[in-house]
1. What strands (runs of 3 or more DSSP E) lie completely within region 73-169 and have 3 or more residues being open to solvent by 40 Å² or more (accessible area, probe 1.4 Å)?
2. Give just the number: which of (1) buried (at least 21 other Cβ atoms within 10 Å of the Cβ); (2) of a type outside the set (D, E, K, R); (3) closer than 30 Å to W77 by Cβ does V262 not satisfy?
3. Identify, please: which residue in region 247-259 is touching a strand residue (DSSP E or B) at 6+ places or on another chain (Cβ under 7 Å) and open to solvent by less than 50 Å² (accessible area, probe 1.4 Å) and is, among those, farthest from L375 (Cα to Cα)?
4. Would region 293-310 turn up any residue that is in contact (Cβ under 8 Å) with a residue 60 or more places away in the chain, among the β-branched types (V, I, T), over 18 Å from I153 (Cα atoms) and not in a strand (DSSP E or B)?
5. Would a scan of region 381-395 turn up a residue that is at pLDDT 95 or above and in contact with a helix residue (DSSP H, G or I) (Cβ under 9 Å, 6 or more places away or on another chain)?
6. Would you confirm whether or not region 273-285 contains a residue that is touching a residue at least 60 places away in the same chain (Cβ under 8 Å), under 22 Å from P143 (Cα atoms), of a type in the set (D, E, K, R) and open to solvent by 10 Å² or more (accessible area, probe 1.4 Å)?
7. If you check every pair at least six apart or on different chains, which have Cβ atoms under 6 Å apart with a residue in region 122-145 that is modelled with pLDDT of 95 or more first and a residue that is basic (K, R) second?
8. For region 37-57, give me the residue count where each residue is out of contact with any helix residue (DSSP H, G or I) (no Cβ under 8 Å at 6 or more places or on another chain), within 18 Å of V120 (Cα to Cα) and surrounded by fewer than 17 Cβ atoms within 10 Å (Cβ to Cβ).
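The values are calculated or read from the model by the stated rules, or taken from the named source; none is laboratory data. It should be emphasised that the depicted structure is a prediction, and the values quoted were computed from it without experimental measurement. In this analysis, Cβ positions are derived from the backbone assuming ideal geometry, glycine residues included, and neighbour counts consider all displayed protein chains. Heads up: the accessible areas ignore ligands, DNA and RNA and are worked out on the full protein's heavy atoms, side chains in. Shrake-Rupley method; radii C 1.70, N 1.55, O 1.52, S 1.80 Å.
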Amino acid sequence: MRLSVAISLIAGTAIFAAETSSPVTFNKDVLPVLQKNCQSCHRPGQIAPMSFLTYQSTRPWAKAMKSVVVSRKMPPWFADPHYGHFSNDRSLKQADIDTLVKWADGGAVEGDAKDAPPPVPWPENGWQIKPDVVVNGPDFHVPAKGLVEWTWITVPSGFTKDTWVTSIEFRPSDLSITHHICLQMKAHAADTEYNVPVWDDKPRDQNGLEAPRPKGTPIQRGKVSRVTAGSYMMGCYVPGMPTIDFRTLHAGKLIPAGTDFVFVFHYTPNGKEADAHIQMGFTVTNEAPERKFVTVAGSSVTDSDSFAIPPNAPNWESPPMIASFLVDAELVWMMPHMHLRGKDMTYEVKYPDGNSEIALKVPNYDFNWQLGYLLAQPIKLPKGSTLIGTAHYDNSANNKYNPNPNQTVYYGDMTWEEMMAPFFGVLVDKNVDDKKVFKYLRGETSGGA
């Protein structure tokens with residue numbers, strides 16, 4: 001009896017050793033992790049410079065992959081896990097990190113092709129959504145050098161009947177020069193001029209800095225205001241976030257028949273001339289959803305007395321954005337936007353009964369990855385609730401992206417100036433006017449991208 005027990009123990013130990021010593025392979029262990037967390041960016045036509053669709057394209061990057069997942073630089077995700085839960089959270093679990101590390105350390109073995117999961121059926125031609133409608137935006141020539149002010153161009157939308165869209169994707173032709181592209185819609189007017197660039201020439205010094213605005217003076221949009229009057233925000237592209245998708249929310253945005261699209265571009269010359277182009281993709285639904293998705297580009301006050309980051313300040317706090325809701329709404333999406341000195345941003349909800357909660361805290365903002373955070377469970381905002389955005393900026397030499405820590409930094413359009421724009425998305429009844437959802441208690445309604 002004792003001999004048989006000993007033999008069984010030895011056999012069991014041998015089996016266990018064989019199981020634990022089996023190598024981590026690409027096909028069986030690594031590819032499922034990449035499909036779930038990485039391939040949305042790491043495939044042809046997307047923002048990442050290399051593809052992780054196959055073993056052959058992934059194998060050269062095994063050691064680099066190990067380095068960035070251990071340091072949690074990749075996949076990019078900046079939400080503080082102590083606040084909120086997000087359905088689009090792409091941060092890796094520790095078990096996934098361990099798998100990638102073991103694969104790299106074990107020689108990056110391919111394994112048996114039979115172990116590989118089926119390929120993900122990604123949309124064709126580099127799209128992230130599979131668009132039902134594609135709209136070509138205007139072309140724009142970007143010079144090799146100099147300063148290009150924000151530019152607005154109106155085009156016909158092409159929508160000939162009232163249409164509810166359920167997701168929007170921006171596809172700029174050249175990401176290296178694209179600071180942002182926003183899309184607004186407005187009712188067609190008889191005097192509308194199509195494909196005519198409109199911008200405001202702003203007084204700037206030799207360093208490209210806009211002249212300070214006295215207290216109470218908002219951002220001036222002279223010629224532009226005539227183009228954008230009556231417009232509604234559809235959404236924006238910023239680095240790291242090309243898509244706004246509200247299909248899982250069973251919500252949509254209505255594009256009325258005959259609507260005009262107003263594109264606002266911010267291109268930054270990079271030393272080489274370019275002819276920039278933009279495509280817009282939309283998914284649509286044949287039945288009106290019960291709820292409307294309203295996109296808001298929030299803003300703090302922008303005058304130079306209120307918004308002035310002192311030289312060498314490592315942790316300057318901006319004036320807050322405070323939005324008071326005029327109707328019942330549900331907070332579903334947030335996207336912090338700042339420029340090169342942005343350090344952190346927090347969204348806090350305060351309820352009419354005096355209670356409050358933090359909806360999102362981004363302690364390490366990265367201008368190169370301006371992510372949107374989609375709440376796993378919407379936060380109900382009864383009428384009278386407020387959403388407060390606060391932000392800090394690092395204007396010191398310790399900020400490696402800081403172009404000049406020795407200057408006072410004011411609110412402005414250019415990347416070397418600053419912004420405090422807590423974008424957010426809420427759901428409201430489909431019959432509610434977008435412009436009657438909230439009002440600012442402090443700040444301006446002209447928040448920018």
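1. Details: elements: 133-136, 140-142, 151-156.
So the answer is 133-136.
2. For V262, the failing item is (3).
3. Looking at the filtered set, the residue picked out is T259.
4. Yes, region 293-310 contains a residue that is in contact (Cβ under 8 Å) with a residue 60 or more places away in the chain, among the β-branched types (V, I, T), over 18 Å from I153 (Cα atoms) and not in a strand (DSSP E or B).
5. As a first pass, look at region 381-395 and keep what is at pLDDT 95 or above: 381-395.
Narrowing further to those that are in contact with a helix residue (DSSP H, G or I) (Cβ under 9 Å, 6 or more places away or on another chain): none.
Within region 381-395 (the criterion being at pLDDT 95 or above and in contact with a helix residue (DSSP H, G or I) (Cβ under 9 Å, 6 or more places away or on another chain)), the answer is no, since none of the residues qualifies.
6. Checked region 273-285: at least one residue is touching a residue at least 60 places away in the same chain (Cβ under 8 Å), under 22 Å from P143 (Cα atoms), of a type in the set (D, E, K, R) and open to solvent by 10 Å² or more (accessible area, probe 1.4 Å).
7. So the pair list comes out as A144/K272.
8. Residues that pass the stated criteria total 4.
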